[in-house]
Amino acid sequence: MEQIATAKELLTGNEAIARGALEAGVRFASMYPGTPATEVIETLAAYGKERGPHVQWAVNEKASIEIAAAASFSGLRSLCAMKHVGVNVAAEFLLYLNLSGCGAGMVLVWADDPGHHSSQNEQDSRNYAVMAGLPMLEPATPDEARRMTRYAFELSEELVMPVVVRTVTRLSHSRGDVELGELDALPEDRLYFDKESMVRWSPIGGIVNKHQALLQKNEQCRQIFEASEFNAYKGAEEPDLLVIASGPPSIFAEEAIASLGIWGSTGLLKLGASCPLPYDLVKDRIEKAENVLIVEEVDPVHERAIRGIAPELSRPARFFGKLEKGIPTGNYVPACGELNVDLVVDAILKAQGKKEAVPTEVASAQVDFTDDLPARMISLCAGCPHRASYYAVRSAFKRNGGKGFCVGDIGCYAMRVGPPFFENKTLYAMGSSIGLANGFGLLNKHFGFDEPALAVIGDSTFFHAATAELAQMAWSGIAGAILILDNGGTAMTGFQPTPSSGLDAYGEPAPALDIEAILRGFGIDRIVTTDPTDMAAFSDLLYEAITSEGINVVIARRECELIRAYKNRRMGVDTPPVRIDAEKCKGEKCMACLKEFPCPGLTYEGKIGVVRVNEAVCTRCGDCVQVCRFGAIERGEVSDE
Ligand SMILES: Cc1ncc(C[n+]2csc(CCOP(=O)(O)OP(=O)(O)O)c2C)c(N)n1
């Protein structure tokens, strides 16, 4: 058997997950991009086709889990990664897959985002593992992430069901020493799909029977987890306080106990193989302690199960965590947000009665400014074509007497839900821009609501979620206006290709889908595609779209500026710089450019009282030239540096 490298490497949690999968001989991996999970697949793709699995970008998470399942059904070990909200999209398939089980080992990597660093919510996807009765492993460190992912494939094959590896932003994106396991030479692929089975891949045979079989697997898995090496105890044999923790919070708990110097009277039960709960292991430990503190992110998933043990204890124990009277109050452990060592110290002191048990304020990830950092508004990048599009959107609504509003969607343009313009009035799930616009359109048609709703959606989100919404729009017979911001990729998550990019996960050519043709397939023929750079002309198109009958689609097609600028640098294309004519700039008396077109490439130079171009940030797109009423912003000459 050929063996390649065994050593230690400094890896992120996501890289470690990819490594663990590779060591397990994963043959197929799929994903729709989503922070904080994306690098799992990007790392697997970087191993290349020779060493790595086949890597497939999917159009959305449901499509992703389906293709990974087909690979597993046919004998290939498969991995499907997604961010937490993606689990909602995959859920319909997932909640049958748990009943059918899989074929070859199938691992689902779910990356949650406690504190919503880069997400629209901070949902705890572990609830899905409980609901679906799927085994779940919760790594706390990158090294565990590798070991658990590798093991998850074996467990999946032992139980014939998908296994969840649950990570969180803190783990996915932080680095740690990872001991590399062996990469065995891959066995030859033996593809086999049991097409003769009448009962395996469908509800035939009875869902109740399948549900019963699932519960039996749960019990089998519980027994395996009772003795799992991933559940470990440390500390006093009969502690005053038993802390039970899972995932990164178990590392916070370890540090908190050490910093309080209470290892002599405290115990820590770290749950890595956590769902189903290793009931006997937990019960035995609780029997030896009077006070139990449960620390986890985000929901009290284990806490609920652990509190359920109470009636079976031979002596009473007091439980502290997020719940009081069944409601997460956060009096001991914060009920929302990301945890850290200080918050766990706080929770221990409260459980010990040394601090008052009231909710501790948990900073939201997005308002956690420190004195050392300048406070910045969330903003589109310098040169982002979406800024030009939204400038035109505002002027179109203005021309319409202030009537109308944008219903937003998920992508870089989601920033426009916030200050200073708050243009997107809504931000929900992917595709909900068109979905909500359908609702407003129906109100318009049947209830006399008289404001046009402009659905704004990116190209990646369009493929992810727009088709059913478009069918709804066309079928409802309403007036609908859609602005598609096509910047050629999935910019927000790191510029992965979309179905219209013409590229695959390896950057090689793939079929490119035609957005206009798809729209025409729904009977939509009023489609205008243009570069939004001429903002006045673009605004006219949008005005037409929001004031006309029928369905009107405007496509703003201009490449993401980060990619354009990168390509230009590589090809040595020099673009003339943008300059401010200090004579013409009215400075503080005007400031229209900074107020109406707040690009990070423009700053106000208070000392000399004029606006300045920050050359370090400016991408020389030149959009701002159109904004100055006094002609003070102009294109300069190409410099010969
Ligand atoms: C269900 C779900 N899956 C994945 C994501 C992660 N995500 C955020 S925005 C986005 C797509 C952005 O692409 P696009 O719509 O083209 O807009 P752009 O960022 O390129 O402007 C993705 C995949 C998410 N928020 N929700």
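The values are calculated or read from the model by the stated rules, or taken from the named source; none is laboratory data. For clarity, every value in this text was computed on a predicted model and none was experimentally measured. Here the Cβ is made from the backbone with ideal geometry for all residues, glycine too, and neighbour counts use every protein chain on show. Accessible surface is based on the protein model in full, side chains and every heavy atom, while ligands, DNA and RNA are left aside. Shrake-Rupley method; radii C 1.70, N 1.55, O 1.52, S 1.80 Å.
Values for this structure:
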read-out	value
The one condition in (1) in a loop (DSSP other than H, G, I, E, B); (2) open to solvent by 60 Å² or more (accessible area, probe 1.4 Å) that G25 fails to fulfil	(2)
Unique match (being within 10 Å of the ligand (Cβ to nearest atom) and open to solvent by 10 Å² or more (accessible area, probe 1.4 Å)) among G488, G502	G488
Top-ranked residue in the range 505-523 [being within 15 Å of the ligand (Cβ to nearest atom) and in a loop (DSSP other than H, G, I, E, B); ranked as surrounded by the most Cβ atoms within 10 Å (Cβ to Cβ)]	A505
Some residue of the range 537-560 being at pLDDT 95 or above, open to solvent by 30 Å² or more (accessible area, probe 1.4 Å) and among the hydrophobic types (A, V, I, L, M, F, W, C)	yes
Subset of the range 69-92 that is assigned to a strand (DSSP E or B) and away from the ligand (no atom under 12 Å from the Cβ) - its residue that is surrounded by the most Cβ atoms within 10 Å (Cβ to Cβ)	L79
Subset of the range 469-485 (residues that are within 15 Å of the ligand (Cβ to nearest atom), closer than 16 Å to N438 by Cα and touching a residue at least 60 places away in the same chain (Cβ under 8 Å))	I482, L483, I484
Flag for I251 being touching a residue at least 60 places away in the same chain (Cβ under 8 Å) and either open to solvent by less than 40 Å² (accessible area, probe 1.4 Å) or not in a helix (DSSP H, G or I) (or both)	no
In the range 102-148, residue farthest from C275 (Cα to Cα) [restricted to those that are within 16 Å of the ligand (Cβ to nearest atom) and touching a Lys or Arg at 6+ places or on another chain (Cβ under 6 Å)]	A111
Failed item, numbered, when L95 is tested on (1) part of a helix (DSSP H, G or I); (2) away from the ligand (no atom under 14 Å from the Cβ); (3) out of contact with any strand residue (DSSP E or B) (no Cβ under 8 Å at 6 or more places or on another chain); (4) open to solvent by less than 30 Å² (accessible area, probe 1.4 Å)	(4)
Hits in the range 43-68 (condition: open to solvent by less than 10 Å² (accessible area, probe 1.4 Å), within 13 Å of the ligand (Cβ to nearest atom) and among the aliphatic types (A, V, I, L, M))	I65
Extreme residue, nearest to V85 (Cα to Cα), among residues of the range 413-424 that are surrounded by 17 or more Cβ atoms within 10 Å (Cβ to Cβ) and under 22 Å from the mean Cα position of the chain (by Cα)	A414
Inter-residue pairs, beta-carbon under 9 Å, first among the aromatic types (F, W, Y) and in the range 258-275, second open to solvent by less than 10 Å² (accessible area, probe 1.4 Å) and at pLDDT 95 or above, 6+ apart	W263/I257
Some residue of the range 583-602 being touching a residue at least 12 places away in the same chain (Cβ under 8 Å), among the charged types (D, E, K, R), over 30 Å from N438 (Cα atoms) and in a helix (DSSP H, G or I)	yes
Residues (touching a residue at least 60 places away in the same chain (Cβ under 8 Å) and among the charged types (D, E, K, R)) located in the range 210-239	K210, K217
Residue among I482, I410, I457, I478 that alone is of a type in the set (V, I, T), open to solvent by 20 Å² or more (accessible area, probe 1.4 Å) and outside any helix (DSSP H, G or I)	I410
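Yes/no per residue for (1) at pLDDT 95 or above; (2) over 24 Å from A145 (Cβ atoms):
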| residue | (1), (2) |
| --- | --- |
| H173 | yes, no |
| L183 | no, no |
| H211 | yes, yes |
| A232 | yes, no |
| P239 | yes, yes |
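Conditions tested, residue by residue: (1) modelled with pLDDT of 95 or more; (2) of a type outside the set (A, V, I, L, M); (3) touching a Leu at 6+ places or on another chain (Cβ under 7 Å).
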position: K62; (1), (2), (3): yes, yes, no
position: A81; (1), (2), (3): yes, no, no
position: H84; (1), (2), (3): yes, yes, no
position: N98; (1), (2), (3): yes, yes, yes
position: L108; (1), (2), (3): yes, no, no
position: D112; (1), (2), (3): yes, yes, no
position: Q123; (1), (2), (3): yes, yes, no
position: G133; (1), (2), (3): yes, yes, yes
position: M136; (1), (2), (3): yes, no, no
